[in-house]
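As C-alpha cells, the structure follows; a few thoughts come after it.
The values are calculated or read from the model by the stated rules, or taken from the named source; none is laboratory data. Bear in mind the structure is a predicted one, so any value in this text is a computation, not a measurement. Please note: Cβ atoms are built from the backbone with ideal geometry, for glycine as well, and neighbour counts cover all protein chains shown.
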C-alpha cells in the first residue's frame with residue numbers, strides 16, 4: 001500500500017511500522033512506544049499521512065473505474081443477466097405447466113403409450 005512513497009515509508013519505519021512482502025504492515029510495539037514518548041507530534045503526522053494515503057487508495061479502488069468498482073459493475077451485470085434468464089425459465093416452465101395441464105385434461109382418459117404419443121405430438 002505504501003507504493004513508491006519513500007518518505008512515508010521511511011517515516012513509518014522510524015516509528016516501528018514496516019511494509020511486509022505481502023503488502024501488509026507490521027508493528028514493532030516497542031519502537032512505536034518509544035516514538036510516542038519521544039515526539040508525539042511527528043508520530044501523529046506520520047500516521048495521518050498513512051491515513052490520507054489509505055483513503056486515496058480506497059477512493060481510487062472503489063471508484064467506478066477502480067478494481068472494486070469495476071468488479072462490482074461486472075457482478076451487477078452478471079446478476080441482472082441471471083435474473084433475466086431466471087425469469088425466462090420461469091415463464092417457459094409456466095407455459096409448459098399450462099400445456100401439461102391442458103394435455104392432462106384432454107388426454108386424461110387415455111392410458112399409457114397413447115397418452116405419451118398424444119402429448120409428444122404437441123411438441124412437434
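Odds and ends about this structure:
- Residue 48 within 23 Å of the chain's Cα centre (by Cα) and either closer than 22 Å to residue 17 by Cβ or loosely packed, with under 12 Cβ neighbours inside 10 Å (or both): no
- Filtering 79, 11, 7, 54 for residues that are at negative phi, modelled with pLDDT of 90 or more and in a helix (DSSP H, G or I) leaves a single hit, 79.
- Some residue of the stretch 14-37 being surrounded by 10 or more Cβ atoms within 10 Å (Cβ to Cβ), out of contact with any strand residue (DSSP E or B) (no Cβ under 8 Å at 6 or more places or on another chain), without any contact (Cβ under 8 Å) to a residue 24 or more places away in the chain and not in a helix (DSSP H, G or I): no
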